[in-house]
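Worksheet: one structure, shown below.
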Amino acid sequence: MTTLPDGRRIPPLTADEPAMLASWLDMHRATLAVKCAGLDDEQTLRTPVEPSALSLFGLVQHLAEVERNWIQRVFARRDVPWIFAGERGGFTVDRSRTFTEVVAVWEREVAVNREICAGRSLDETGRLGPEEAAVVGGDDAVSLRWILIHLIEEYARHNGHADLLRERIDGVTGA
C-alpha cells in the first residue's frame, strides 16, 4: 500500500468491498488528524470562517460522537451515553477538556469501532433510533454497508470544513 508524504495510506486501487470501504474510511480519519496536527488548544478553538461558529475542536468532538452513534448505538445496538456533556451533535466545545484529550477520545472511538466492524458482513444490520429514522427515512433496519458509506461521506464533508478552518488558522493548505 502506498503512502502520501504526510503518512496517510492511499486506499488500494483494487480490493474487495469490505477492505475498500474500511481503507477509504481510514483515509478520511487520517485526513482529519493531519488537518489538526501541530495546533494548540487556542488555535483549535478559533472560529475563523465567519459567520460559522465551527472550530476544529468542535469538529473533532462531533466526529467522535458520529463514530459512537453510528457504529456503537445503531449498528452494535449498545446503550452508550453521549460523550460531550450529553449533547447529541458534539459541536459545542467541552471546555473542561484539552484538544489533546478530545483527540484521544476520538481515537478511542475509532479503535472501538474498528474492533466492532472487524470481520462483520456488510449485510448485517443495526437498528436506527427514531431520530436517525426521521432523517434518513425508511424502516429502522440499516446495513453496515450503508453506515460505512455514510461515515465516509460525513468525514469527506467535514474534512472540507477542516481544510477551510486550517487555512484560516495558520495558512496551511493541502490534501
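Scanning region 148-171 for residues that are touching a residue at least 12 places away in the same chain (Cβ under 8 Å) and open to solvent by 50 Å² or more (accessible area, probe 1.4 Å) returns Ile149, His161, Asp163, Leu164, Arg168, Asp170.
Please verify whether region 31-43 includes one or more residues that are in contact (Cβ under 8 Å) with a residue 24 or more places away in the chain, open to solvent by 30 Å² or more (accessible area, probe 1.4 Å), β-branched (Val, Ile, Thr) and closer than 19 Å to Ala162 by Cα. Yes, that holds for at least one residue.
Quick grid of which residues meet (1) farther than 24 Å from Arg168 by Cα; (2) assigned to a loop (DSSP other than H, G, I, E, B); (3) of a type in the set (Val, Ile, Thr):
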{"site": "Pro12", "(1), (2), (3)": "yes, yes, no"}
{"site": "Ala15", "(1), (2), (3)": "yes, yes, no"}
{"site": "Asp26", "(1), (2), (3)": "yes, no, no"}
{"site": "Arg29", "(1), (2), (3)": "no, no, no"}
{"site": "Leu32", "(1), (2), (3)": "no, no, no"}
{"site": "Leu59", "(1), (2), (3)": "no, no, no"}
{"site": "Val80", "(1), (2), (3)": "yes, yes, yes"}
{"site": "Ala85", "(1), (2), (3)": "yes, yes, no"}
{"site": "Val93", "(1), (2), (3)": "no, yes, yes"}
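Of the candidates Val102, Val142, Val112, Val172, the single residue that is touching a helix residue (DSSP H, G or I) at 6+ places or on another chain (Cβ under 8 Å) and under 16 Å from Leu45 (Cα atoms) is Val102. Of all residues in region 19-42, those that are acidic (Asp, Glu) and under 11 Å from the mean Cα position of the chain (by Cα) total 1.
Within region 93-103, being at pLDDT 95 or above and exposed (fewer than 13 other Cβ atoms within 10 Å of the Cβ) holds for Thr100, Glu101.
Taking region 11-26 as the range and being of a type in the set (A, V, I, L, M, F, W, C), farther than 16 Å from Glu107 by Cβ and open to solvent by less than 60 Å² (accessible area, probe 1.4 Å) as the test, the residues that pass are Ala15, Ala19, Met20, Leu21, Ala22. Here region 117-161 is the region considered, the condition is being in a helix (DSSP H, G or I) and touching a Phe, Trp or Tyr at 6+ places or on another chain (Cβ under 7 Å), and the residue that is nearest to His62 (Cα to Cα) is Leu151.
Which ones in region 114-147 are under 10 Å from Phe75 (Cα atoms) and either in contact with a strand residue (DSSP E or B) (Cβ under 6 Å, 6 or more places away or on another chain) or surrounded by 18 or more Cβ atoms within 10 Å (Cβ to Cβ) (or both)? Correct list: Cys117, Thr125, Gly126, Leu128, Ala141, Val142, Ser143, Leu144, Ile147.
The values are calculated or read from the model by the stated rules, or taken from the named source; none is laboratory data. Keep in mind it's a predicted model, so treat the numbers as computed, not measured. Using ideal geometry, Cβ is built from the backbone for each residue, glycine included, and neighbour counts are taken over all protein chains shown. Side chains are part of the model used for accessible areas, which takes the heavy atoms of the whole protein and leaves out ligands, DNA and RNA. Shrake-Rupley method; radii C 1.70, N 1.55, O 1.52, S 1.80 Å.
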